[in-house]
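A short write-up of the structure that comes next.
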Amino acid sequence: MEKLDLYQYERNLWEQGIELVAGMDEVGRGPLIGPVVTACVILPKDFYLKGLTDSKKLSEKKREEFYSYIMEHALSIGIGMMDEKVIDEVNIYEATKLAMYQAVQNSKVVPEHVLIDAMKLEKLPMPSTSIIKGDSKSISIAAASVVAKVTRDHMMIELGKKYPMYGFESHKGYPTKKHIEAIQKYGLIDGYRLTFQPIASMVKKDIAKQNKKNYNK
C-alpha cells in the first residue's frame, strides 16, 4: 500500500506518457544561518525504498542511509542554494523559489514535469504540480526532501568543526536556546541572516551601542 500511495502522482504522469518526473523540496527556511537548500530528484520507475517519507520524520541515521541510496539510484539530482545575502535581500520565500529554479537548472537530465512540495513556481520551463505536504505523498518529493536535508546538514556539521562553540552540528542553525546563548556569548560569524529575528534586533542594538560610543568620544 505504501508504494502505491507514494507513487500515485508519478504513476498518473507516467500513464500520460510523461517519463521524466522530478520531485522538488527545500530545507533551511527557518535557520538563522546558512543557505536555503533545494533538491530536484528524478527517480527511475522501478525505484523503491521502504520507509522513505518526509525527511523530518526520519532519524539522522536513516536519512544518511536513504541519502546514499538515492544518490546512487536516482536518474538525476540537481541541487540549488541561495545564501544569507540573497535571503536578506529578497526574503526567504523568494530565495527558496530562486534555489528551486537553480536546482532544476542543475539537473543533468531535464525533467518533463516537476512535483513540488507546497510551493508554486510560475517560471519553470516545464509543467509542474504543487502538492501540499508533498514530501509524505510523493516518492520523488520525499527523495528530494532527504537529499536537501542531508546536503544542508553536512554543511552545518562542517561549520560546527570550524566554530565548535556554536554547536551547529546539533541544532543545524535553527534558533534553539543553546544557539541563541552561543550567539550572545560569541557574537555573529559570516553566514548569519541579518533580517531574521533575533539577529536583526541584536545587530540593531550593537549599531546603537557603537553610535553611542562614537558620540561620546
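Laboratory data are not the source of any read-out in this text; all were calculated from the coordinates shown. These numbers were taken from a predicted model, which means no experiment stands behind them. Here Cβ is always computed from backbone atoms with ideal geometry, including for glycine, and neighbour counts include all displayed protein chains.
The table that follows gives values for the structure above.
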read-out: Estimated inter-spin distance, A200 and Y174, nm [label 7 Å along Cα→Cβ]; value: 2.2
read-out: Low-density loop positions, GluC sites (Glu not before Pro), region 1-48 - DSSP coil, at most 15 other Cβ in 10 Å; value: E19
read-out: Cα-Cα over 24 Å, subset of K56/K137; K162/K205; K61/K85; K57/K185; K45/K123; value: K162/K205; K61/K85; K57/K185; K45/K123
read-out: Order of F168, F47, F66 under a 10 Å beta carbon neighbour criterion, fewest first; value: F47, F66, F168
read-out: Rounded to 10°, Cα long-axis angle of helix 139-162 versus longest principal axis of the chain; value: 30
read-out: Cα long-axis angle, helix 177-186 against the chain (0 to 90 degrees, to the nearest 10); value: 40
read-out: Region 125-213 - convex hull of alpha carbons, volume per residue in Å³; value: 159
read-out: Sequence-distant residues sharing a close amide H with V36 (under 5 Å, placed H); value: M82
read-out: Low-density loop cleavage sites - trypsin sites (Lys or Arg not before Pro) in region 131-169, where at most 14 other Cβ are within 10 Å (DSSP); value: K133
read-out: Calculated from backbone phi, Karplus (6.51, -1.76, 1.60) coupling profile of region 76-87 in Hz, x at Gly/Pro; value: 7, 9, x, 10, x, 9, 10, 7, 4, 5, 5, 4
read-out: Likely footprinting exposure, D25, D83, D206, fewest C-beta neighbours within 10 Å first; value: D206, D83, D25
read-out: Check: the chain dipole with +1 on Lys, Arg Cβ and -1 on Asp, Glu Cβ, in debye; value: 1280
read-out: Net charge contributed by nearby residues that have their C-beta within less than 12 Å of Q16 (K/R +1, D/E -1); value: -3
read-out: 37 °C / 0.692 mPa s Stokes-Einstein diffusion coefficient of the chain, Kirkwood radius on C-alpha pairs, µm²/s; value: 179
read-out: Mean-position separation - Cα centroids, region 116-149 and region 37-95, in angstrom; value: 10
